[in-house]
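The values are calculated or read from the model by the stated rules, or taken from the named source; none is laboratory data. Computed from a predicted structure; not experimentally measured. No Cβ is skipped: glycine too gets one built from the backbone with ideal geometry, and neighbour counts run over all protein chains shown. SASA here: full protein model, heavy atoms, side chains in, ligands and nucleic acids out. Shrake-Rupley method; radii C 1.70, N 1.55, O 1.52, S 1.80 Å.
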Amino acid sequence: MSDVFDLKNFPGKRALQKKPINNLEWALIADGVPLAEVYDVLDTDAGKDRAFAKLATIKSDVIWWTEGAVPPQLMADGEAVFGTGYNGRWFSAIAEEKQPFAMLWDGQVLDIDGWAVSAKGQNIDEVMKFVKFATDTQRLADQAKFISYGPARKSSGPMVSKHATLGIDMAPHMPTTYADQGFLTNFAWWADNGDEMNERFAAWLLQ
Amino acid sequence: MANENTGGELVLAADGTPLKASLNKAMRKNRIRALLLVTPLFVFILFSFLIPIVDMTFRSVDNWHVGTLMPKTTAALADWDGKALPDEPVFAALVEDLQVGAKAREIGKVGTRLNYEKSGLRSMITSSGRKALKVKEGPYKEKVLKMHKKWKELSTWTVIKRNTAPFTIGYYLNAVDMKYDDNGEIVRQNENRRIYGKLFLRTFAISLAITVICVILAYPISYLLATLPLRYSNLLMIFVLLPFWTSLLVRTTAWIAMLQSQGVLNDLFVFFGLVSDDNRLQLIHNMTGTIIAMTHILLPFMVLPLYSVMKTIPPSYMRAALSLGANPLVAFVRVYMPQTLSGIGAGSILVFILSIGYYITPALVGGTDGTLISNQIAYHMQSSLNWGLAGALGALLLFSVLALYLLYNKIVGIDNMRLG
């Protein structure tokens, strides 16, 4: 993953998301901070400065994206040599559209989606039954037939099968297969520091 | 004086009523009809424009969170002098408010509000809310201080106390890169967080540049449109209108394909040997891209008013100037151009005001140095959900446009503006 920050051996543009979240963590990891200590370092003023300083080393070679469809497009057009993005998008670019990219799972960020049910809604019992169904072991494994996301349940892991139309084995394309190489976003830290970091990031982009 | 001529008798209408009353009646009918005709538009504007603007402007000063969701703490803090941590009664009130707020799942709103002014208070409030549910009896101070380390900081209490007030200028301070420091004094924002001032300036600078470029590009086109024979000018008009009728998003995306470093324009440059292959020009995802794409999109708003004004200038004026001895340049500058000023004014104010609020094009092609203040407003509306700050930024933008408009009216005069 540190190669993304290595302009000397890997020159070219990098497509990164125009947000501080994940980028600050990656900057620290590339700067030598172990995965487990990233948020402890980031919680200090010196750590924040260090993350921004590391990002600054590649700032002039970054194309900042905001829409998830953009980074695979930038790579396909030859505009960028590295890109960060949602792994499902990369999967469709690589497996479905046969683009000559490869995944780098090292330092991947695991994100979790959740279901929210409005307490004042109608048919809440039915909705809860649906949520229970949609999140059971088999269903989460089935989801991987269509896109390389999930499964959030550990028990679903062995049940991940082949892609519905491409017929390829999905296990090597699942982020959960490489979970030990990545880390889970510390949502509490970002809830507290998101406002400040977003402003600082926006100001940093303007400098 | 018809009355005197007829010996003081009233002039009667055909149906026998006095003419004056009959006229008034007819006029009143017309007035009511006119009023009814504009009512749908007025109602539409009221609900889709005026009320939302008033609402967003109100949000930019509204500070209901702490006062409404922590009423007991607000009352208990009223006499706090701010010199040391508050005493037991304040903590007792706080625990009670936290319990009520946590049960109703409303306390997070307080945390979100306070976090704008001091990072870390969001999780302090939400986690303390959960912990407060287990507190059955005092001493409360001791228990609260154990819930989160930030309760021990005096500045936490300064922030809470300040936001017990029902209204705040905090969002406006944020919008002009100022803040309250730990002692509650208003100071400039930390250097590494100052963005909005720069973005406002950049927005005005880019809008001005686009307006000037549009005038320069549109003037000759409009002149041709107004003076060429009809069959040529109609064709030219279609070239102006076709892009005007094309979707904004399509045109913006087309510019990306044209300008990107592996794009059409750079390919042509490389083909003709103007630039080398590994040294392609960066024409997009920066300010250049924003200016090019926005100029193209806004050009018709300059061409059309200019054209309609130029169309009304009789060609005989120029001929007269020439026959009276002016050389073509003098005749153009002193006779033709002054007559087009109203069109330049109208086109400029249209283009300038449209570009100040432009959002989607800079977001797509602006990269980092080509994004405008509207992109930050959109960010706070859609992503950070800090609507107070979005409202403050929007209000500042609105007021500065109004100020510019008044200035324009003072210098040029709005009556001199013609759209054709």
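Worth a mention:
- Hits in the range B:385-407 - residues which are out of contact with any Phe, Trp or Tyr (no Cβ under 6 Å at 6 or more places or on another chain) and either among the β-branched types (V, I, T) or open to solvent by less than 40 Å² (accessible area, probe 1.4 Å) (or both): B:N386, B:A390, B:G391, B:L393, B:G394, B:A395, B:L397, B:S400, B:V401
- When we screen A:D125, A:D136, A:D195, A:D169 for residues that are of a type in the set (D, E) and within 30 Å of A:K18 (Cα to Cα), the only hit is A:D195.
- Only one entry of A:V41, A:V117, A:V33 meets the criterion of being over 23 Å from A:M174 (Cβ atoms), part of a helix (DSSP H, G or I) and not hydroxyl-bearing (S, T, Y), and that entry is A:V41.
- Residue check: B:Q382 meets all listed conditions (1) within 14 Å of chain A (Cβ to nearest Cβ); (2) surrounded by fewer than 16 Cβ atoms within 10 Å (Cβ to Cβ); (3) closer than 25 Å to B:L304 by Cβ but one, namely (3).
- Boolean, A:A144 is under 30 Å from B:A257 (Cα atoms), open to solvent by less than 50 Å² (accessible area, probe 1.4 Å) and more than 14 Å from chain B (Cβ to nearest Cβ): no
- Picking from residues in the range B:217-272 that are without any contact (Cβ under 8 Å) to a residue 12 or more places away in the chain and within 14 Å of chain A (Cβ to nearest Cβ), the one that is nearest to B:T312 (Cα to Cα) is B:M258.
- All of (1) out of contact with any Ser or Thr (no Cβ under 8 Å at 6 or more places or on another chain); (2) surrounded by 18 or more Cβ atoms within 10 Å (Cβ to Cβ); (3) over 23 Å from A:I94 (Cα atoms) hold for A:S118 with one exception: (2).
- Qualifying residue in the range B:259-277 (condition: of a type in the set (S, T, N, Q), assigned by TED's automatic domain parsing to the domain that holds B:G367 and surrounded by fewer than 18 Cβ atoms within 10 Å (Cβ to Cβ)): yes
- Flag if B:I284 is farther than 30 Å from B:P229 by Cβ, assigned to a helix (DSSP H, G or I) and either outside the structural domain of B:Y219 (by TED's automatic domain parsing) or among the hydrophobic types (A, V, I, L, M, F, W, C) (or both): no
- Subset of the range A:88-114 that is small (G, A, S) and open to solvent by less than 70 Å² (accessible area, probe 1.4 Å) - its residue that is farthest from the chain's Cα centre (by Cα): A:A95
- Candidates B:Y379, B:Y307, B:Y336, B:Y358, filtered to the one that is in the same structural domain as B:A226 (by TED's automatic domain parsing), touching a Ser or Thr at 6+ places or on another chain (Cβ under 7 Å) and part of a helix (DSSP H, G or I): B:Y307
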